Amino acid sequence: MQKTLEVLLLDDEPIVGRRLKPALDKIGCHVEVFENPKQAVARINEKEFDIVVTDIRMEEMNGIQVLEHVQAKWPRTRVILITGYAKMDLAREAMGKGVFDFIAKPFRPDDLRQIILNAAESLGISVDKPSGITEPVEP
C-alpha cells in the first residue's frame, strides 16, 4: 500500500511555494507550505513530516536552524535545503549537520521531485514516479 509522503515546504518567497506545491502534489505528496519559519517550526512541533524542504536564508531563523530543530524533534525526517546563495562552505556546513541534500536556485521542479523521491526511498517509502521524471544519469 502506498503511503502519502508528508512534506513541509518553507520559503519566505511566496512564489516558491506556489510553484513547488503543485509539482510535489503530482508525485502524491501531501504538502504544507509556510513562508514564516517560526510558524513552520511550530507546525513541526505538532507533526512529524517525512521531508522538510527549507530555504537557507530567511528573516528571524535560517535553514540551518530549522534543520537542527527538525533533527532534535524528529531524527527520521529528511531535510532538504534550497538556496539562491549556493556557497561551498554553506553546503559543507549543511552536510556536516546531516542534511539529506542541498539544491541551489534556480532549479527545475523535476530536480526537486527527484531529490524528494530519493529521500522517500531512503526512508523506505514507495512513491509512484510519474511519467516525465527521468532517472538521473550516472557518470
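Just so you know, all these numbers are worked out from the coordinates, no wet-lab data involved. All values derive from a computational prediction rather than experimental measurement.
For this structure, a couple of remarks:
- The Cα atoms of the chain cover 39, 35, 28 Å along the three principal axes, with the biggest extent listed first.
- Our estimate of slack between residue 45 and residue 59, defined as 0.36 nm per intervening residue step minus the Cα-Cα distance, is 3.1 nm.
- For the stretch 5-122, the relative contact order works out to 24 percent when only alpha carbon pairs closer than 8 Å and six or more residues apart are counted.
- Base-10 log of normalised Debye intensity for the stretch 1-65 (one unit scatterer per alpha-carbon) at q = 0.23, 0.28 Å⁻¹: -0.96, -1.28
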